[in-house]
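Okay, structure first, notes after.
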Amino acid sequence: LDLVRAERAAGVPASKIVVGGFSQGGHIAARAALECEEQLAGCVVLSSWVGEIASEEGAGSGAGGKQLSRLPFFIGHGEVDPMVPPALGHKSNQYITSLGNQVTFRTYAGVAHSCNMQELDDVKDFLAGVLEDDLTLAEVGATSAGKLKKWLLGKGVDITGCLEKQDLVDKATEFLSK
């Protein structure tokens, strides 16, 4: 969290800060994101795990005990990872989701304890989504289907079954109304 505080002191808004890491670094990044007292833009966790966090305030409540809003997470895991078994990636997804966070969870066939180009592309898309300026309800209908799709995925919204632009508009409207 010292790095987050340093960026904040340098004038970077918390809404433009994403923490992330690979393996143990992913574990540290997720814990920092869940315990941070400010709402960050998101967290990237690759080939890692996140266990339950016991603190006086509780995970996701920040240092001041104030409940933070849904934090977007990207969790990517290789399906043949011998160092951090894929089951731990699934458990991390379940745990972080149970705290009320928006999680984009992806597994990658044939990938061990590493990354492939598809995973890096997915991370790039996630970052573009969470760092992009937020849409307002008034802007949703006038936004292109491609931009809506990218924005929704960046926010961790499941767009399965959205075949028409109106489906994406409905999902975005629902997300923004929460």
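The values are calculated or read from the model by the stated rules, or taken from the named source; none is laboratory data. Nothing here was measured: the structure is a model prediction, and the numbers come from that model. FYI the Cβ positions are ideal-geometry reconstructions off the backbone, even for glycines, and counts take in every protein chain you see. Heavy atoms of the whole protein, side chains included, go into the accessibility calculation; ligands, DNA and RNA do not. Shrake-Rupley method; radii C 1.70, N 1.55, O 1.52, S 1.80 Å.
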*For ASP158, which of the numbered conditions (1) of a type in the set (Asp, Glu); (2) assigned to a loop (DSSP other than H, G, I, E, B); (3) over 16 Å from ARG106 (Cα atoms) fails to hold?*
(3)
*Take the range 104-149 and flag every residue that is free of Cβ contacts under 8 Å to residues at least 40 places away in the same chain, out of contact with any Lys or Arg (no Cβ under 8 Å at 6 or more places or on another chain), open to solvent by 20 Å² or more (accessible area, probe 1.4 Å) and hydrophobic (A, V, I, L, M, F, W, C).*
PHE105, ALA109, ALA112, MET117, LEU120, ALA138, ALA142
*Of the residues that sit in the range 1-47 and are of a type in the set (D, E, K, R) and within 24 Å of HIS77 (Cα to Cα), which one is nearest to the chain's Cα centre (by Cα)?*
ARG31
*Of all the residues that make up the range 96-139, how many are modelled with pLDDT under 95, assigned to a loop (DSSP other than H, G, I, E, B) and over 18 Å from ASP158 (Cβ atoms)?*
4
*Could you identify the single residue in VAL44, VAL80, VAL18 that is at pLDDT 90 or above and open to solvent by less than 20 Å² (accessible area, probe 1.4 Å)?*
VAL44
*Among the residues of the range 150-178, write down those that are surrounded by fewer than 17 Cβ atoms within 10 Å (Cβ to Cβ), in contact with a helix residue (DSSP H, G or I) (Cβ under 6 Å, 6 or more places away or on another chain) and among the hydrophobic types (A, V, I, L, M, F, W, C).*
ILE159, LEU176
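Residue-wise test of (1) in a strand (DSSP E or B); (2) modelled with pLDDT of 80 or more.
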residue: GLU57; (1), (2): no, no
residue: GLY65; (1), (2): no, no
residue: SER69; (1), (2): no, no
residue: ILE75; (1), (2): yes, yes
residue: GLN94; (1), (2): no, yes
*State all residues of the range 1-42 that are closer than 18 Å to THR97 by Cβ and assigned to a helix (DSSP H, G or I); if no residue qualifies, say none.*
GLY26, HIS27, ALA29, ALA30, ARG31, ALA33, LEU34, GLU35
